[in-house]
Structures are given as structure tokens and as C-alpha cells.
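The values are calculated or read from the model by the stated rules, or taken from the named source; none is laboratory data. The structure displayed is predicted, hence computed values, not measured ones. Note that each Cβ is placed from the backbone with ideal geometry, even for glycine, and that neighbours are counted across all protein chains shown.
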Amino acid sequence: MYKTFALAIAIILHVTFLLAVLKLLVRKLPGLGMGELSRAGGTWFAALLAAGILNSLKGIDTLSNAFGNIYAAGGSNLPMAVLKTFCSCTGVSLLWFLFVQLLSAELCAIFVGRRKNLHELAADNYPYFIIKGALLLAVTLCLWPVLESILLLLTQDTQLPFYH
């Protein structure tokens, strides 16, 4: 029961942190404000949200497994171990999301040239953001195994005794 409660709180906090990172990424972009959502802005925000959720899924899956291992191992300091695991998995998955976003922006510059998001949003150039969003999702999915390996390195490994 404690594992389920801890995991529910971790998921809520993880999604909250993801939305805060998304807000930081789009805070200065026109076409994404209150009441003025353009097609280009909506396309770009949807791509960022999808990529962020994909990274969060891997982080939450790793958190679930790690919480199971922590509670199976027992110990005197369970809340601290859960908190440490949550912070490391959430932090790494959100930093990974930013890294993938920057990598896809550089790859997009190779394919369609260096363009300013501000100018493209002002012109409502939604095909550009469809290409950029598809590239972001492709890079996210291609680098998923790397994120999983990094997250598994950070989680606590449980040694269960072998009985004959």
C-alpha cells in the first residue's frame, strides 16, 4: 500500500515538474499565450508535450520498479531511499528531455536551415513545426534505450538471496 501511495505522489509531482519545464520552454513564444493559440504554436506545444510524456513514461516505469525493490529490501530508512530515487529519476528524465530537445533543434537546423522559432510562430508556419515536432519525437524514441540505461544505473539494486 505504501508503494502505491508513494508512486501516485511521485507521478503527480513528475507531471507537475514536466509541465513547469514546458512552461519555461514556451513562455516567450508568441502564439502560445492565453487566447491566442495558433496552429504552429499548438503543433509545437503538442510535440513538446508528447516528447516530454514519452520521457516521463520511462522515468515513471523505472520509478515503479525501483520503489518495488526498495520496499522489498526493507530497511530502516525507506522514506529517504524513496525520495532519493524519485529525485534522481525525475531529474534525469527532465534533463534528458531538455537534452533531446536541444539535439533535435540542431538536427532540424541541418534539415531545414537555422530558423528562429519566434519568426516562424509569428508567420504561423505550422509545416515547419510539424517537421520539427516529428524530428523531436523520432530522436526521443531513438534515444529511449539510452535513457533507460542511465535511469537503471541510478536506481537501487536489490540483492535477493538464492534459496536451494
Suppose we filter the stretch 62-78 for residues that are crowded, with 17+ Cβ neighbours inside 10 Å and not in a helix (DSSP H, G or I); how many remain? 0
With the requirement that a residue be in contact with a Lys or Arg (Cβ under 7 Å, 6 or more places away or on another chain), touching a residue at least 60 places away in the same chain (Cβ under 8 Å) and within 19 Å of Ala47 (Cα to Cα), what does the stretch 70-114 give you? Ser93
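In the stretch 11-25, what residues are of a type in the set (A, V, I, L, M, F, W, C) and either in contact with a Gly (Cβ under 9 Å, 6 or more places away or on another chain) or touching a residue at least 24 places away in the same chain (Cβ under 8 Å) (or both)? Explain how you work it out, then say what you get.
Going residue by residue through the stretch 11-25, those that are of a type in the set (A, V, I, L, M, F, W, C) are 11-13, 15, 17-22, 24-25.
Those that are of a type in the set (A, V, I, L, M, F, W, C) and either in contact with a Gly (Cβ under 9 Å, 6 or more places away or on another chain) or touching a residue at least 24 places away in the same chain (Cβ under 8 Å) (or both): Ile11, Leu13, Val15, Phe17, Leu18, Leu19, Val21, Leu22, Leu25.
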Could you please tell me which pairs satisfy a Cβ distance under 9 Å, a separation of 6+ or placement on different chains, a first residue in the stretch 135-158 that is within 21 Å of Leu102 (Cβ to Cβ), and a second residue that is acidic (Asp, Glu) and modelled with pLDDT under 90? Glu148/Asp61; Leu151/Asp61
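Just to be sure, is Leu18 part of a loop (DSSP other than H, G, I, E, B) and of a type in the set (A, V, I, L, M, F, W, C)?
Numbers: part of a loop (DSSP other than H, G, I, E, B): no; of a type in the set (A, V, I, L, M, F, W, C): yes.
So Leu18 does not fit the description; no.
Hey, does the stretch 112-130 have a residue that's in a helix (DSSP H, G or I) and of a type in the set (Lys, Arg)? Break it down stepwise before answering.
Pass one, the stretch 112-130, residues in a helix (DSSP H, G or I): 112, 117-122, 126-130.
Now drop any that are not of a type in the set (Lys, Arg), which leaves none.
Checked the stretch 112-130: no residue is in a helix (DSSP H, G or I) and of a type in the set (Lys, Arg).
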